[in-house]
1. Return a yes/no flag: does the stretch 105-123 have any residue that is touching a strand residue (DSSP E or B) at 6+ places or on another chain (Cβ under 9 Å), hydrophobic (A, V, I, L, M, F, W, C) and farther than 20 Å from Pro40 by Cα.
2. Restricting the search to the stretch 99-127, which residues are in a loop (DSSP other than H, G, I, E, B), open to solvent by less than 10 Å² (accessible area, probe 1.4 Å) and of a type outside the set (A, V, I, L, M)?
3. Condition first: in a strand (DSSP E or B) and among the charged types (D, E, K, R). Now tell me which residues in the stretch 89-98 satisfy that.
4. Test Leu126 against the stated conditions and say whether it is modelled with pLDDT under 95 and more than 17 Å from the chain's Cα centre (by Cα).
5. Out of the residues in the stretch 31-79 that are hydroxyl-bearing (Ser, Thr, Tyr) and loosely packed, with under 14 Cβ neighbours inside 10 Å, state the one that is modelled with the highest pLDDT.
6. Of everything in the stretch 60-74, what is assigned to a loop (DSSP other than H, G, I, E, B) and closer than 18 Å to Thr105 by Cα? Give them in sequence order.
Amino acid sequence: GSSTERQESKRAAPTPGTNAGADADGMRQRRVKSGPVREPDDDEEFEAAVASAKEKGQAVVAMFTAEWCGPCKKVKPFYVELAGKYTGSVFLMVDCDELSDTAETYKIRAMPTFKVIKAGAEVASLNGLSGGLWTDLNDKLEQLVEKECA
């Protein structure tokens, strides 16, 4: 039921006649392939992204998330912002329900969890549990990315 969803982000109601509501549901299903953060569809695509970054000598920052994870949604815009700043690194958004093998490989126990992968190996990790408030998590995430991706 779309009526129960909170309308916080929508400042103004869409004007009748625009197709604003038409593809709102479709948008959620589609994975982002462009922009600073990529969302792999499956474990193979994640592995391919890591392998490609390894060849290019780029760091990979992966945010492990889930559709139902509230804190993940709060941190996501900041993550996208960081990805826009550190364009020399590869930023991935991993849905743990869909990429369960990848989540298992990286031993994800809490969300959001951030992993930095260099040359195919994990070099740093941060998760929401250790961060306390998600605003603190933003700070810690920025420090992590600055250190590993600068």
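The values are calculated or read from the model by the stated rules, or taken from the named source; none is laboratory data. All values derive from a computational prediction rather than experimental measurement. Every residue, glycine as well, gets a Cβ built from its backbone with ideal geometry; the counts of neighbours run over all protein chains shown. Surface accessibility is based on the protein's heavy atoms, side chains included, excluding ligands, DNA and RNA. Shrake-Rupley method; radii C 1.70, N 1.55, O 1.52, S 1.80 Å.
1. yes
2. Initial filter on the stretch 99-127 (in a loop (DSSP other than H, G, I, E, B)): 99, 106-112, 119-120.
Then drop every residue that is not open to solvent by less than 10 Å² (accessible area, probe 1.4 Å), which leaves 99, 112.
Across the stretch 99-127, the qualifying residue is only Pro112.
3. Asp95
4. Working: modelled with pLDDT under 95: yes; more than 17 Å from the chain's Cα centre (by Cα): no.
For Leu126, the condition - modelled with pLDDT under 95 and more than 17 Å from the chain's Cα centre (by Cα) - is not met.
5. The initial filter retains those residues of the stretch 31-79 that are hydroxyl-bearing (Ser, Thr, Tyr), namely 34, 52, 65, 79.
From what's left, loosely packed, with under 14 Cβ neighbours inside 10 Å: 34, 52.
On the way: Ser34: 64, Ser52: 97.
Among those residues, the one meeting the criterion is Ser52.
6. Initial filter on the stretch 60-74 (assigned to a loop (DSSP other than H, G, I, E, B)): 66-69.
Matches in the stretch 60-74: Ala66 only.
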